[in-house]
Amino acid sequence: MKKSIYTFAITAFLAVMVFTACKSNTEKEADATEKVIDANENLDAVNEDINDDEAKKANDMEWQTYKEEVNTSVAANEVRISELKAALKKPGNTFDSNYSKSIQSLEDRNASLKLKIKNYENNQTDWDSFKREVDSDMTQLGKAFKDLTVKNTK
């Protein structure tokens, strides 16, 4: 008889454990839905990180290309400045002090542009304004070269 009471007690205990441990279908659905939502949020966050990395790499590549273009223009300007200085030293040519000052100004502006490119740290936040500013400086420098070499005889 003790054996049957123990068996009944153990069976009852196990039955209670099984029924209390089981979740209803609605609870299972709610848990599954919550897990899917969390997974989608994590996926979105990972996709944003990947897109940001790709954008930064594209920006780095764009920066390298732009830097090479500007450095090429700066080097060409340096050659033009040295040619102007050589022409200034040739005998038989008469140049006034304003011409010498203009050449020095061009040289300073070109050096400033070169330094600006060298010191630029590739930040996405100010890339557009930096590029616009450098392009403007390059255009002004080109105009200054043109104005210096054109003889204004009116």
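The values are calculated or read from the model by the stated rules, or taken from the named source; none is laboratory data. Note that the structure is a prediction, hence the values are computed from the model and not measured. Neighbour counts are summed over all protein chains in view; Cβ atoms, including those assigned to glycine, are modelled from backbone coordinates with ideal geometry. When the accessible area is computed, the model is the full protein with side chains, heavy atoms only, and any ligands, DNA or RNA have been set aside. Shrake-Rupley method; radii C 1.70, N 1.55, O 1.52, S 1.80 Å.
What FRET efficiency would be calculated for the residue pair residue 40, residue 9, taking the C-beta separation as r and a Förster radius of 41 Å, to the nearest 0.05? Intermediate results must be reported in sequence, preceding the final value.
Details: r = 47 Å, r/R0 = 1.16.
E between residue 40 and residue 9, to the nearest 0.05, is 0.30.
Under a plain spin-label model, where a point goes 7 Å from the Cα along Cα-to-Cβ, how far apart in nm are residue 30 and residue 131?
5.2 nm
What does the charge count near residue 70 come to, summing +1 for each Lys or Arg and -1 for each Asp or Glu among other residues with Cβ under 14 Å from its Cβ? Write down the numbers at each step before the final one.
On the way: positive: 67, 109, 114, 116, 118, 131, 132; negative: 62, 68, 69, 78, 133, 135, 137.
Residues near residue 70 contribute 0 overall.
Given a Förster radius of 22 Å and the C-beta distance between residue 139 and residue 86 as r, what FRET efficiency does 1/(1 + (r/R0)^6) yield to the nearest 0.05?
Values: r = 26 Å, r/R0 = 1.17.
Step by step, r from the Cβ atoms, then E = 0.30.
Using a 1.4 angstrom probe on the protein heavy atoms only, could you order 74, 46 from most to least accessible area?
Of 74, 46, the descending order of accessible area is 46, 74.
Here are some pairs, 101/143; 67/118; 114/143; 89/114; 85/146; which of them have Cα atoms lying more than 19 Å apart in this structure?
Working: 101/143 16 Å; 67/118 9 Å; 114/143 17 Å; 89/114 26 Å; 85/146 15 Å.
Violating the 19 Å limit, Cα to Cα: 89/114.
Rounded to the nearest 0.05, what FRET efficiency do residue 49 and residue 115 have when you use their Cβ-Cβ distance and R0 = 41 Å?
On the way: r = 35 Å, r/R0 = 0.84.
Approximately 0.75, to the nearest 0.05.
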